[in-house]
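Please read the structure below before turning to the comments.
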Protein chains: 2
Amino acid sequence: MRFDPASLTYDERGLIPAIAQDHLTGEVLMLAWMNGDAVRRTLESGRVTYWSRSRQAFWVKGETSGHVQSLVEMRVDCDRDCLLLRVDQTGPACHTNRRSCFFTAMTPGGEVEILSPEG
Amino acid sequence: MRFDPASLTYDERGLIPAIAQDHLTGEVLMLAWMNGDAVRRTLESGRVTYWSRSRQAFWVKGETSGHVQSLVEMRVDCDRDCLLLRVDQTGPACHTNRRSCFFTAMTPGGEVEILSPEG
């Protein structure tokens with residue numbers, strides 16, 4: 001692998017935010033965090049692997065739920081401090097069983113749920 | 001305004017990441033940061049306003065470049081610790097004059113530039 005995860009810019013916790021986007025529809029599914037090893041594992045396995053800040057452990061997306069994210073393409077931004085993951089998402093990306101975690105819109109009248117749980 | 005920015009979850013610096021997405025094409029343009037006042041200003045003015053971590057000041061996107069972001073819709077994720085901004089982007093969003101900051105893809109052969117600077 002010619003890409004070196006050490007060439008990215010991590011925050012003081014050693015993490016970089018990663019945006020997961022459906023590669024077909026363009027829908028933004030979620031944002032989670034990676035450390036250098038998670039970036040390496042994701043690129044090597046093709047299975048998106050985050051770093052869970054709450055559990056302080058690797059988080060292979062969908063390992064228990066089956067809602068895996070297969071990496072189609074990884075992109076990095078101009079400052080090299082954010083990743084965009086173009087993914088093939090199986091089932092819902094959100095733990096609430098919705099396709100995307102961004103299911104709440106702020107409107108002048110208040111918050112509105114714009115996406116229902118699947119199944 | 002019925003939405004209270006204090007209902008969001010901010011990090012230890014008082015910031016929340018905000019993903020800007022072209023509301024028509026679905027293209028992810030950039031990720032930047034907001035504090036509670038930046039969220040409030042953005043919702044009240046309709047002009048996307050970030051908090052610049054390097055300058056420690058409000059950053060009205062496009063104020064000097066003219067490449068403004070007009071807010072179409074603001075969404076929040078399930079954990080209330082990330083925002084998705086659906087925007088109408090004038091010109092390039094990136095300071096490199098590219099439409100998106102995510103113009104570098106990691107391929108097995110190395111990094112590839114997938115987006116050229118505009119005009």
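The values are calculated or read from the model by the stated rules, or taken from the named source; none is laboratory data. The structure presented is a predicted model; accordingly, all values stated were derived computationally and were not measured. Neighbour counts run over all protein chains shown; Cβ positions are idealised from the backbone, glycine included. Surface accessibility is based on the protein's heavy atoms, side chains included, excluding ligands, DNA and RNA. Shrake-Rupley method; radii C 1.70, N 1.55, O 1.52, S 1.80 Å.
Among A:Thr107, A:Thr96, A:Thr42, which is the only one that is among the hydroxyl-bearing types (Ser, Thr, Tyr), without any contact (Cβ under 8 Å) to a residue 60 or more places away in the chain and open to solvent by less than 20 Å² (accessible area, probe 1.4 Å)?
On the way: A:Thr107 fails: open to solvent by less than 20 Å² (accessible area, probe 1.4 Å); A:Thr96 fails: open to solvent by less than 20 Å² (accessible area, probe 1.4 Å).
From the options A:Thr107, A:Thr96, A:Thr42, the qualifying one is A:Thr42.
Screening A:Gly26 against (1) within 17 Å of B:Phe102 (Cα to Cα); (2) open to solvent by 40 Å² or more (accessible area, probe 1.4 Å); (3) free of Cβ contacts under 8 Å to residues at least 12 places away in the same chain leaves a single unmet condition, (2).
Which of the residues spanning region A:46-78 are hydrophobic (A, V, I, L, M, F, W, C) and within 22 Å of B:Leu31 (Cα to Cα)? Please lay out each step first, then the result.
Here is the first cut: in region A:46-78, the residues hydrophobic (A, V, I, L, M, F, W, C) are A:48, A:51, A:57-60, A:68, A:71-72, A:74, A:76, A:78.
Listed by number, the residues that qualify are A:Val48, A:Trp51, A:Leu71, A:Val72, A:Met74, A:Val76, A:Cys78.
For region B:96-112, name all the residues that are at the interface with another protein chain (Cβ under 10 Å from one of its Cβ atoms) and closer than 20 Å to A:Ile19 by Cα.
Initial filter on region B:96-112 (at the interface with another protein chain (Cβ under 10 Å from one of its Cβ atoms)): B:96, B:98, B:100-112.
Listed by number, the residues that qualify are B:Arg98, B:Ser100, B:Cys101, B:Phe102, B:Phe103, B:Thr104, B:Ala105, B:Met106, B:Thr107, B:Glu111, B:Val112.
Within region B:45-58, being farther than 17 Å from A:Met106 by Cβ and open to solvent by 80 Å² or more (accessible area, probe 1.4 Å) holds for B:Arg53, B:Ser54, B:Arg55, B:Gln56.
Of all the residues in region A:73-93, those that are crowded, with 16+ Cβ neighbours inside 10 Å, out of contact with any helix residue (DSSP H, G or I) (no Cβ under 9 Å at 6 or more places or on another chain), without any contact (Cβ under 8 Å) to a residue 60 or more places away in the chain and not acidic (Asp, Glu) number 3. Scanning region B:1-48 for residues that are of a type in the set (Gly, Ala, Ser), more than 10 Å from chain A (Cβ to nearest Cβ), assigned to a loop (DSSP other than H, G, I, E, B) and in contact with a Gly (Cβ under 8 Å, 6 or more places away or on another chain) returns a single hit, B:Gly14. Condition check: closer than 21 Å to A:Met74 by Cα, touching a Leu at 6+ places or on another chain (Cβ under 7 Å) and of a type in the set (A, V, I, L, M). Does B:Ala93 satisfy that? Considered against the rule, which asks whether it is closer than 21 Å to A:Met74 by Cα, touching a Leu at 6+ places or on another chain (Cβ under 7 Å) and of a type in the set (A, V, I, L, M), B:Ala93 comes out as yes.
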